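Contents: one structure, followed by commentary.
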Amino acid sequence: MDRPILKCWVLLMACVLAPAAWASEFKARFVAASPEELANPHDIDLSSTGKHLYVADLGNNRVAVLDARSLQILGGFGEKEGLAAPHDVHIGADGRLYVADTGNDRIVIYEIDGVNGKKVGVLAGGIAAPEGVFAQSENRVYATGARSGNVVAFENNKIAAEAKGLSAPHDVIADRNGSFWVADAGNDRMVLMSKDLKTVRVLEGDAYKFSGPRYQDMTDDGLLVVADKYTHSIKAIAPDGSLAGVIGTGESGKGPDTFTTPEGVVIRHNDIWFADSGNNRIVRYRRVR
């Protein structure tokens, strides 16, 4: 084979076999911020229509509802049901809103209609101070117990699986392969677990420098985007486990690309919302390709 042809063939094969770095790179630009009228907002979720943003408004003991684009506060609910320091909100596969009612050691389930929510159910038992919830289906719900140091799977209102030995676990979400990422906040790591809550993979150490990871979501191309509370930053992890990008200076503050103890994350295509908790606001970003 002639040397120029051989060189071209080698370069072609390198392009084919090399990881698609461009596909996993994570960059985003600041778009807007809500009024600073929330009280230590934690996790957030987006309605199926993309119009409403549901926020665990911890300090106000409610679920706040925002316009997803303008970030204006439209209303809220949960005070009448006695929500106490809610940490997580998740719209399940059944369209209902599942709320980690942390101060009451339970998960409260709501039927939602725009800015309104109607309590229709409760899950309790086996978890103390739940701070994360993910409803895979109406009959299979995962929840973390920050004080009990565990994550459980409720099936038909009974505990079907449990993982113990965690430290202040926070969010739990499904990845694209049916496994579950758990933010093991007190141990400064992310843990991937099977459907039956067996450990599959752990992300920790100097490669990530996690310090109190809280809540997370996934991009369409499989990046795990984590709010890392005490580094005041957002970290994105590629499917191969590499660090794909960081938003935040590492110092607390307020402004574009600056956060104070961020908690919540929700992603819809290229739109990303973060709970800038220490600044009592929600911010919206746009992913840059």
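For this structure, a couple of remarks:
- Residue under evaluation G117, criteria (1) within 26 Å of L71 (Cβ to Cβ); (2) surrounded by fewer than 22 Cβ atoms within 10 Å (Cβ to Cβ); (3) not aliphatic (A, V, I, L, M), criterion not met: (2)
- Within the range 159-188, considering residues that are charged (D, E, K, R) and touching a residue at least 40 places away in the same chain (Cβ under 8 Å), the one surrounded by the most Cβ atoms within 10 Å (Cβ to Cβ): D171
- In the range 69-106, the residues that are polar (S, T, N, Q) and more than 23 Å from V151 (Cβ to Cβ): S70, Q72
- Test: L123 is closer than 22 Å to S277 by Cβ and surrounded by 22 or more Cβ atoms within 10 Å (Cβ to Cβ): no
- N40 at pLDDT 95 or above and in contact with a helix residue (DSSP H, G or I) (Cβ under 6 Å, 6 or more places away or on another chain): yes
- Flag if D257 is among the charged types (D, E, K, R), in contact with a Gly (Cβ under 8 Å, 6 or more places away or on another chain) and in contact (Cβ under 8 Å) with a residue 60 or more places away in the chain: yes
- Residues in the range 203-253 that are among the hydroxyl-bearing types (S, T, Y), surrounded by fewer than 20 Cβ atoms within 10 Å (Cβ to Cβ) and without any contact (Cβ under 8 Å) to a residue 24 or more places away in the chain: S211, T249.
- From the list V152, V200, V191, the one residue that fits, being farther than 19 Å from G264 by Cβ and either surrounded by fewer than 19 Cβ atoms within 10 Å (Cβ to Cβ) or in contact with a helix residue (DSSP H, G or I) (Cβ under 6 Å, 6 or more places away or on another chain) (or both), is V200.
- Those residues of the range 117-137 which are of a type outside the set (F, W, Y) and touching a residue at least 40 places away in the same chain (Cβ under 8 Å), in sequence order: G117, P130, E131, G132, V133, A135, Q136, S137
- For the range 126-148, residues that are crowded, with 20+ Cβ neighbours inside 10 Å and in contact with a helix residue (DSSP H, G or I) (Cβ under 8 Å, 6 or more places away or on another chain) total 3.
- For the range 269-289, the tally of residues that are over 16 Å from I73 (Cβ atoms), surrounded by 20 or more Cβ atoms within 10 Å (Cβ to Cβ) and hydrophobic (A, V, I, L, M, F, W, C) stands at 2.
- Members of the range 248-281 found to be touching an Asp or Glu at 6+ places or on another chain (Cβ under 7 Å) and hydrophobic (A, V, I, L, M, F, W, C), listed by number: F259, V265, V266, I267, A275
The values are calculated or read from the model by the stated rules, or taken from the named source; none is laboratory data. These numbers were taken from a predicted model, which means no experiment stands behind them. Quick reminder, even Gly has a Cβ in these numbers, built from the backbone with ideal geometry, and neighbours come from all protein chains shown.
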